[in-house]
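Working notes for the structure below.
The values are calculated or read from the model by the stated rules, or taken from the named source; none is laboratory data. The model shown is predicted, which means the values in this text are computed figures rather than measured ones. Neighbour counts run over all protein chains shown; Cβ positions are idealised from the backbone, glycine included.
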Amino acid sequence: MIHGSGPLLKLREGAVAWQQVDGETILLDLEASTYLGINHSGSVLWPALVDGSTRQDLVTRLRQTYDVTEDEAATDVDAFLLTCQERGFLES
């Protein structure tokens, strides 16, 4: 269930395949045919994007997982979302 405000962010269908292996998330960019690894905070955020989430929910998820401020979590979420957007992983 989505609690936060703002637009729903979700992965674009067919853009990426992923799997969690030994606590790490490994991605396969299906269009570029390249493998990518994401860091621990990205691994916390990734499943929420699979299900669909708002930016605020992602920030809250990081704050609940790590001892960080709202601003630190928001900065990390924004950087993660920018990378996902630049790679074409997010729905428009």
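Report, by residue number, each residue of segment 29-67 that is within 10 Å of the chain's Cα centre (by Cα), within 14 Å of V16 (Cα to Cα) and surrounded by 15 or more Cβ atoms within 10 Å (Cβ to Cβ).
Answer for segment 29-67, where residues must be within 10 Å of the chain's Cα centre (by Cα), within 14 Å of V16 (Cα to Cα) and surrounded by 15 or more Cβ atoms within 10 Å (Cβ to Cβ): I38, W46, L49.
Which ones in segment 5-15 are under 16 Å from L82 (Cα atoms) and either at pLDDT 90 or above or among the β-branched types (V, I, T) (or both)?
L8, L9, K10, L11, R12, A15
For G37, are the conditions met, namely being touching a residue at least 12 places away in the same chain (Cβ under 8 Å), small (G, A, S) and out of contact with any Leu (no Cβ under 6 Å at 6 or more places or on another chain)?
For G37, the condition - touching a residue at least 12 places away in the same chain (Cβ under 8 Å), small (G, A, S) and out of contact with any Leu (no Cβ under 6 Å at 6 or more places or on another chain) - is met.
From the list E70, E13, pick out the single residue that is in contact with an Asp or Glu (Cβ under 9 Å, 6 or more places away or on another chain) and either loosely packed, with under 15 Cβ neighbours inside 10 Å or of a type in the set (S, T, Y) (or both). Lay out the reasoning, then the answer.
Working: E70 fails: in contact with an Asp or Glu (Cβ under 9 Å, 6 or more places away or on another chain).
The unique qualifying residue is E13.
Please work out which one of (1) surrounded by 17 or more Cβ atoms within 10 Å (Cβ to Cβ); (2) of a type in the set (A, V, I, L, M, F, W, C); (3) over 11 Å from the mean Cα position of the chain (by Cα) is the condition V21 fails and give its number.
Every listed condition holds for V21 apart from (1).
Is there any pair linking a residue in segment 64-92 that is within 19 Å of G14 (Cα to Cα) to one that is modelled with pLDDT of 95 or more and small (G, A, S), with Cβ under 7 Å and at least six apart or on different chains, and which?
none
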